[in-house]
Amino acid sequence: MNNPFDVIDARLSSIENLILDLKHKPIQVEPSQHREQLLTIDEVAELLHLSKPTVYSKHSKGELPGVCKQGKRLYFERDVIVNWIKSGRKLSNAEIEAEAETYLLGNKKGGKL
């Protein structure tokens, strides 16, 4: 049986890669497309690299923004979901090290260290 922590780690890594891809590849929106494109549950599951039951679970817990309910169907605003993904992005180790270096160099010049 798989270690549950390995499964969680793999999913987190997958989400992190998705976020990095989104950051470096701006989403191309055709002028003819409506800005607030609605996505189905299948499309959101694919976008987030989650299973449909997980998306339903996150919706029931109120963890997903931009949800519209029409009858028994759920629709999600693409822009809201993408911005939600980007807002949860954590800095990579390289970015943290670069910020630390900048901070330390700034303090050396200011005479605080």
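What follows is calculated from the coordinates using simple rules that are stated; it is not laboratory data. Bear in mind the structure is a predicted one, so any value in this text is a computation, not a measurement. Every residue, glycine as well, gets a Cβ built from its backbone with ideal geometry; the counts of neighbours run over all protein chains shown.
Provide the FRET efficiency to the nearest 0.05 for the LEU22-GLU63 pair, computing r from the beta carbons and using R0 = 22 Å.
So, using R0 = 22 Å, E works out to roughly 0.75.
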- Task: Provide the per-residue ³J(HN,Hα) series for segment 3-17, in order, calculated from phi with Karplus coefficients 6.51, -1.76, 1.60 and θ = phi - 60°, each as a whole number of Hz, with x at glycine and proline positions.
- Result: 5, x, 5, 5, 5, 4, 4, 5, 5, 4, 4, 4, 5, 4, 5
- Cα Rg, Dmax (largest Cα-Cα span) when computed across segment 4-110, Å: 17.9, 62
- Item | Approximate spin-label separation ASN2-ALA100, in nm, with each point projected 7 Å along Cα-to-Cβ | 3.2 nm
- Protection proxy (average C-beta count within 10 Å per residue), highest first, orders 45-51, 7-13 as 45-51, 7-13
- List every residue whose amide H lies under 5 Å from the amide H of LEU39, counting only residues 5 or more places away in sequence or on a different chain, with H placed 1.01 Å from N in the peptide plane. PHE76, GLU77, ARG78
